[in-house]
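Visitor: One structure, as structure tokens, below. Some questions next.
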Amino acid sequence: MLTLAFDTATDVATSALVDDGEVLGERVSRAQTLLEDVDALLRQGGAHPTEIGALAVGIGPGSFTGVRIGLAAARGLAVALDVRGAGVSTLDALAAGAPGAVPVVDARRREVFALVGGEPRVLAPDELAVADGAVCVGSGAIRYRELLEEKGAVVPPDADERHLPRARFHAQLAGELGPVDAIEPLYLRLPDAKVSA
């Protein structure tokens, strides 16, 4: 089945077109160009939009606006193409791209989103417990590299692709398909607008 997957929860958006596990195309850009990326992926894969059989969309945690862009695009595509989809955690996709590593997403406000005991959490970077020699990946690992390395963690170079929540892993991790409008975002705290209000 042809699956269109994308994640716009972080500063770097990823998208992929996957056919029964085979990656036909993959792009890295920004949330604002997601639909352009989808068009380019379909052209690259020699596919027509009506051939898409499923959507796999990143649900966060991450930027409130980024998550909303991804979910809105998925809902629009689902209505237009009459397809079902599945939501996939951005942290889970990061973990799938770097087996054994600790996924850490920059949450702004001097906080990070991370998997703690297999559960997504928001916490201050200095509260993140990492084993000596543990590999940390993601935008939060890059931003707080010095602090994490002082704790004994290993953070790959900034350009290492393990820092990206690659959409091909969203397609791989997508569980049971359902109505796209039922996919819920994974927010671990209130958006900035509500906090300041």
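Visitor: Restricting to region 47-62, name every residue that is assigned to a loop (DSSP other than H, G, I, E, B) and either within 30 Å of LEU115 (Cα to Cα) or out of contact with any strand residue (DSSP E or B) (no Cβ under 8 Å at 6 or more places or on another chain) (or both).
Guide: Result: HIS48, ILE59, GLY60, PRO61, GLY62.
Visitor: Please note which helices (runs of 4 or more DSSP H) are completely contained in region 63-144 and include at least 3 residues that are surrounded by fewer than 16 Cβ atoms within 10 Å (Cβ to Cβ).
Guide: Counting at least 3 such residues, we get 64-81.
Visitor: So ASP158 ticks every box in (1) farther than 17 Å from LEU91 by Cβ; (2) in a helix (DSSP H, G or I); (3) of a type in the set (D, E, K, R) but one. Which box is left unticked?
Guide: Status for ASP158: all satisfied but (2).
Visitor: Name the pairs: first residue in region 28-41 and farther than 13 Å from GLY58 by Cβ, second residue in a helix (DSSP H, G or I) and among the acidic types (Asp, Glu), Cβ to Cβ under 7 Å, at least 6 apart or on different chains?
Guide: Note: pairs meeting the criteria are SER29/ASP37.
Visitor: Condition first: hydroxyl-bearing (Ser, Thr, Tyr), surrounded by 13 or more Cβ atoms within 10 Å (Cβ to Cβ) and modelled with pLDDT of 95 or more. Can you find one or more residues in region 167-189 that meet it?
Guide: no
Visitor: Which one of these does LEU186 not meet: (1) assigned by TED's automatic domain parsing to the domain that holds ALA96; (2) within 23 Å of ARG110 (Cβ to Cβ); (3) assigned to a loop (DSSP other than H, G, I, E, B); (4) not charged (D, E, K, R)?
Guide: (1)
Visitor: For region 146-165, give me each residue that is farther than 17 Å from ALA131 by Cβ, in contact (Cβ under 8 Å) with a residue 12 or more places away in the chain and either surrounded by fewer than 18 Cβ atoms within 10 Å (Cβ to Cβ) or of a type in the set (Phe, Trp, Tyr) (or both).
Guide: Of everything in region 146-165, those that are farther than 17 Å from ALA131 by Cβ, in contact (Cβ under 8 Å) with a residue 12 or more places away in the chain and either surrounded by fewer than 18 Cβ atoms within 10 Å (Cβ to Cβ) or of a type in the set (Phe, Trp, Tyr) (or both) turn out to be ASP158, ASP160, GLU161.
Visitor: Report whether or not LEU2 is in contact with a Gly (Cβ under 6 Å, 6 or more places away or on another chain), free of Cβ contacts under 8 Å to residues at least 60 places away in the same chain and within 22 Å of ALA182 (Cα to Cα).
Guide: So LEU2 passes the test.
Visitor: Could you identify the single residue in ASP39, ASP11 that is in the same structural domain as TYR187 (by TED's automatic domain parsing) and in a loop (DSSP other than H, G, I, E, B)?
Guide: Matching residue, one of ASP39, ASP11: ASP11.
The values are calculated or read from the model by the stated rules, or taken from the named source; none is laboratory data. Here the structure is a predicted model, which is why all the values come from computation and not from measurement. Using ideal geometry, Cβ is built from the backbone for each residue, glycine included, and neighbour counts are taken over all protein chains shown.
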